[in-house]
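The structure under discussion appears below in the form of structure tokens.
The values are calculated or read from the model by the stated rules, or taken from the named source; none is laboratory data. Note that this is a predicted model, so its numbers are computed, not measured. Cβ placement follows ideal geometry from the backbone for every residue including glycine, while neighbour counts extend to all protein chains displayed. For the accessible areas, the whole protein counts, side chains as well, though only heavy atoms, and no ligand, DNA or RNA atoms are used. Shrake-Rupley method; radii C 1.70, N 1.55, O 1.52, S 1.80 Å.
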Amino acid sequence: MSLLLIDTNIASFIFKGSDYADPYIPLLSGHELALSFMTVAELFQWAILRQWGDRRVAQLEQYLSNYVIIPVDQLLCREWAQIRADQQNAGRVISLQDAWIAATAIRYDLSLITHNIKDFREIPNLRLITPSL
């Protein structure tokens, strides 16, 4: 069973029970699933901004317990810096969050499942998975 990294959008689709998650579910089957620390931070930020109550936050915490959460370390920081510098030098913009998620995938040699291929497609050595639609 291989470990796959899930982008924030996919994690959010699944948590919300959105129909957008449907094409991704078969891709996840049979794999252990991981989230970057950044995805976890983004999900909690959304909860705070949307003023979720204790019950909904507890549901999010329970949902997150289904994933391996990958923390930050010095090598991950170096990978993030390389991605940000490379993209800037090439005249491309990548968000701080997407750079952390991409760096996590590269640092740990994981494929990334995302709904937003365009945010990541210019990053070398990043393996992307998305359904054929």
Discussion item. Can you tell me the orientation of helix 54-64 relative to the chain, as the angle in degrees between its alpha-carbon axis and the longest Cα principal axis, to the nearest 10?
Written reply: 50
Fill in: For the stretch 82-98, 3J(HN,Hα) per residue [Karplus equation, 6.51 cos²θ - 1.76 cosθ + 1.60, θ = phi - 60°, Hz, x = Gly/Pro]
5, 4, 4, 5, 4, 5, 5, 5, 8, x, 10, 10, 10, 5, 4, 5, 5
Worksheet item: Which value, in Å², gives the accessible area per residue of the chain when a 1.4 Å probe is used on the protein heavy atoms?
Response: 58
Worksheet, complete the sentence: Counting only protein heavy atoms with a 1.4 Å probe and every protein chain in place, the carbon and sulfur fraction of the accessible surface of the stretch 43-133 in whole percent equals 49
Fill in: Alpha carbon centroid spacing (whole Å) that separates the stretch 1-41 from the stretch 53-119
12
Worksheet entry | For peptides 65-71, 111-117, sequence by mean Cβ density within 10 Å, most packed first | 111-117, 65-71
Worksheet item: Which entry in (i) 24, 18, 14; (ii) 50, 16, 13; (iii) 26, 19, 14 matches semi-axes √(5λ) of the Cα gyration tensor in Å derived from the coordinates of this structure?
Response: (i)
Practice prompt. May I ask you to derive the relative contact order of the stretch 59-108, considering only C-alpha pairs under 8 Å and at least 6 residues apart, and to give it as an integer percent?
Written response: 43
Discussion item. Taking the Cα centre as origin and putting +1 on Lys and Arg beta-carbons and -1 on Asp and Glu beta-carbons, what dipole magnitude results for the chain, to the nearest 20 debye?
Written reply: 200
